[in-house]
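A quick write-up on the structure given underneath.
The values are calculated or read from the model by the stated rules, or taken from the named source; none is laboratory data. Since this is a predicted model, take the numbers as computed values, not measurements. Neighbour counts run over all protein chains shown; Cβ positions are idealised from the backbone, glycine included. All accessible areas refer to the heavy atoms of the entire protein, side chains included, with ligands and DNA or RNA removed. Shrake-Rupley method; radii C 1.70, N 1.55, O 1.52, S 1.80 Å.
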Amino acid sequence: MGYLFVGQIVHSKSFDELEVIDNGFLAVENGKIIAIGDATQLPNWRKDTSKYEVIRMTKNQFILPGFIDCHIHAPQMPNIGLGLNMELLDWLKTYTFPMESQYKDSQFAAYVYAKVVKRTLTSGTTCASYYGTNHREGTMILAQECLKQGQRALVGKVSANQSTVDYYKETTEESIRENKAFIEGIKALNSDLISVTITPRFALSCDQYLMNELGKLAKEHNLNIQTHISENLGEIAAVKEVFRASNYASVYDSANLLTPKCILAHGVHLEDEEIDLLKARGTSVAHCPSSNTNLQSGLCDVLRLRKAGVAVGLGTDISGGSNVSILTTIRDALGVSHHLNFVKKQNIKGTGSVTPQNELQKKVNEEYVPMNYKQALYLATLGGAEALNLSQKIGNFEVGKEFDALLIDIDVDPIDVYTPNVEGIKDKPENLEERIQKFIYTGDDRNISRVFVKGKPVK
């Protein structure tokens with residue numbers, strides 16, 4: 001049995017192009033999209049639709065590609081909302097490492113991860129790039145839970161053999177051995193929904209030899225890679241000192257970790273030569289606006305990265321981020337972009353203590369236009385797929401891609417729909433683009449009525 005959706009369809013074609021089909025149809029067979037078009041073409045497309053479950057949407061419903069979380073720490077979910085008055089390195093020692101060390105207990109891991117996957121799916125995350133912990137068995141439980149609940153996931157056993165607390169540290173040999181065993185364990189699941197992502201925690205947590213070995217593993221098995229970069233100024237200074245490096249990105253590059261299948265979280269303070277290097281290597285960035293604000297890291301200029309040709313997706317970065325919802329992260333990303341606009345305009349005026357800028361930089365700032373909701377929605381869907389090197393499979397509704405999707409209903413709390421039925425007075429929201437805006441700016445998981453991953457309902 002396939003699915004035939006009839007009604008309003010929304011998906012990104014590019015960063016600047018959001019396709020909205022007011023009266024469309026979309027057909028799904030064996031988990032893949034086999035047709036999309038205007039509903040008037042439906043009779044000519046296929047006379048017999050009896051083998052499909054037909055879903056006819058109301059005017060306040062539409063389908064949207066599933067959300068993609070490019071950076072989330074699954075084991076930190078119990079810590080959401082805690083310690084966010086601290087900066088990064090203090091927060092890690094006070095809250096994160098003590099929590100993550102508990103996942104050596106498999107029962108604890110199973111208890112938490114069942115909740116994590118359920119909550120992210122309920123929030124519309126059909127694909128997540130998960131950090132686990134240093135523990136192979138606990139992280140395997142996370143992967144198994146994703147498979148059980150039907151979520152698409154890249155799962156990483158974290159690697160850390162230095163610059164962390166003594167009770168939560170691996171030896172180099174242990175880290176390499178456990179990574180190899182984890183790779184084999186994921187292969188044994190025999191599911192194309194679950195894959196490995198090699199996960200050095202960040203440069204300070206791994207010595208050069210371990211990073212080199214992780215780079216070799218990623219290349220040998222053609223794996224994704226995830227880690228952090230340039231989140232915090234203190235972190236950047238420490239990386240340069242420890243590795244005697246000219247910049248942060250060069251440390252990863254020396255271990256062959258910067259590849260087209262690598263995504264780096266944050267990138268708040270990247271230098272121009274680092275951005276050029278990421279572009280040359282095809283490496284992407286996960287923008288984590290909530291975390292960067294909460295932990296006082298800074299404002300990541302997404303438009304600067306994209307203009308340089310670097311792919312960008314969104315990450316909740318739980319529990320530095322304070323909400324598991326990518327929908328909330330979209331709003332946070334829009335807020336950061338507007339805040340950057342304020343800062344750039346202030347720089348032009350030379351007010352306060354802002355350092356005067358040269359004429360070229362002034363021109364760049366004058367031309368800066370903050371992101372709009374269509375562009376932010378792209379980052380949450382197709383942009384995320386591109387950043388994770390998955391856009392050949394998911395991200396929008398192109399024929400041949402797998403059907404990861406959300407059925408949105410805005411006629412549900414917390415959104416108010418106004419239908420006065422008074423002559424001459426129009427309904428609000430009036431059209432599909434307005435309904436999308438209502439969802440983006442005021443919706444939550446209650447407006448996500450159904451969730452599909454590879455054509456199967458998971459909510």
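Pick from region 245-286 the residues that are assigned to a loop (DSSP other than H, G, I, E, B) and hydroxyl-bearing (Ser, Thr, Tyr): which of them is least open to solvent (accessible area, probe 1.4 Å)?
Per the stated criteria, the residue is THR283.
Go through the residues of region 411-418 one by one and say whether even a single one is open to solvent by 60 Å² or more (accessible area, probe 1.4 Å), more than 14 Å from ILE448 (Cβ to Cβ) and modelled with pLDDT of 95 or more.
no
Based on what the data block shows, is ALA110 without any contact (Cβ under 8 Å) to a residue 40 or more places away in the chain, open to solvent by less than 50 Å² (accessible area, probe 1.4 Å) and not acidic (Asp, Glu)?
When the stated conditions are applied, ALA110 passes them.
Give me a count of the residues in region 31-60 that are within 22 Å of THR381 (Cβ to Cβ) and out of contact with any Leu (no Cβ under 6 Å at 6 or more places or on another chain).
Qualifying residue count for the region: 10.
From the list VAL112, VAL155, exactly one residue is modelled with pLDDT of 95 or more and part of a helix (DSSP H, G or I). Which is it?
Just a single option satisfies the conditions, and that option is VAL112.
So in region 166-185, with the set limited to residues that are within 16 Å of GLY138 (Cβ to Cβ) and in a loop (DSSP other than H, G, I, E, B), which one is modelled with the highest pLDDT?
Of everything passing the filter in region 166-185, GLU170 is modelled with the highest pLDDT.
Could you please give the count of residues in region 322-352 that are outside any helix (DSSP H, G or I) and modelled with pLDDT under 95?
So the count comes out to 4.
Filter region 289-309 down to residues that are surrounded by fewer than 24 Cβ atoms within 10 Å (Cβ to Cβ) and among the hydrophobic types (A, V, I, L, M, F, W, C) and give me whichever is farthest from LYS93 (Cα to Cα).
ALA308
Show the residue pairs that are 6+ apart or on different chains and have beta-carbon atoms under 9 Å apart, the first residue being within region 238-253 and closer than 15 Å to MET211 by Cα, the second being outside any loop (DSSP other than H, G, I, E, B) and acidic (Asp, Glu).
Between residues of region 238-253 that are closer than 15 Å to MET211 by Cα and residues that are outside any loop (DSSP other than H, G, I, E, B) and acidic (Asp, Glu), the close pairs are TYR248/GLU235; TYR248/GLU274; ALA249/GLU273; ALA249/GLU274; SER250/GLU273; SER250/GLU274.
Looking at region 79-107 only, could you name the residues that are in contact (Cβ under 8 Å) with a residue 24 or more places away in the chain and among the hydroxyl-bearing types (Ser, Thr, Tyr)?
Result: TYR95, THR96, SER101, TYR103, SER106.
So if I check each of SER191, SER195, SER163, which one is within 30 Å of ARG450 (Cβ to Cβ), in a loop (DSSP other than H, G, I, E, B) and open to solvent by 10 Å² or more (accessible area, probe 1.4 Å)?
Every option except SER191 fails the conditions.
Any chance region 431-447 includes a residue that's part of a loop (DSSP other than H, G, I, E, B), more than 23 Å from SER14 (Cα to Cα) and open to solvent by 10 Å² or more (accessible area, probe 1.4 Å)?
yes
So, in region 59-91, of the ones that are aliphatic (A, V, I, L, M) and outside any helix (DSSP H, G or I), which residue ends up modelled with the lowest pLDDT?
Filtering first and then ranking leaves MET86.
Among the candidates LEU42, LEU26, which residue alone is part of a strand (DSSP E or B), of a type outside the set (Gly, Ala, Ser) and out of contact with any Ser or Thr (no Cβ under 6 Å at 6 or more places or on another chain)?
Result of the check over LEU42, LEU26: LEU26.
Please give the number of the condition GLU100 fails out of (1) touching a strand residue (DSSP E or B) at 6+ places or on another chain (Cβ under 9 Å); (2) surrounded by fewer than 18 Cβ atoms within 10 Å (Cβ to Cβ); (3) charged (D, E, K, R).
Of the numbered conditions (1) touching a strand residue (DSSP E or B) at 6+ places or on another chain (Cβ under 9 Å); (2) surrounded by fewer than 18 Cβ atoms within 10 Å (Cβ to Cβ); (3) charged (D, E, K, R), the odd one out for GLU100 is (2).
Kindly indicate whether ASP48 is under 30 Å from VAL155 (Cα atoms) and of a type in the set (Asp, Glu).
no
So which pairs qualify, if the first residue must be in region 305-322 and farther than 30 Å from THR96 by Cα, the second must be surrounded by fewer than 24 Cβ atoms within 10 Å (Cβ to Cβ), the Cβ gap must be under 8 Å, and the two must be at least 6 apart or on different chains?
Listed pairs, sorted by first residue: ARG306/PHE15; ALA308/ILE275; ALA308/ASP276; ALA308/LYS279; GLY309/LYS279.
Okay, residues lined up against (1) of a type in the set (Gly, Ala, Ser); (2) touching a residue at least 60 places away in the same chain (Cβ under 8 Å); (3) open to solvent by less than 70 Å² (accessible area, probe 1.4 Å):
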| site | (1), (2), (3) |
| --- | --- |
| GLY2 | yes, yes, yes |
| ILE9 | no, yes, yes |
| SER14 | yes, yes, yes |
| ASN30 | no, yes, no |
| GLY37 | yes, no, yes |
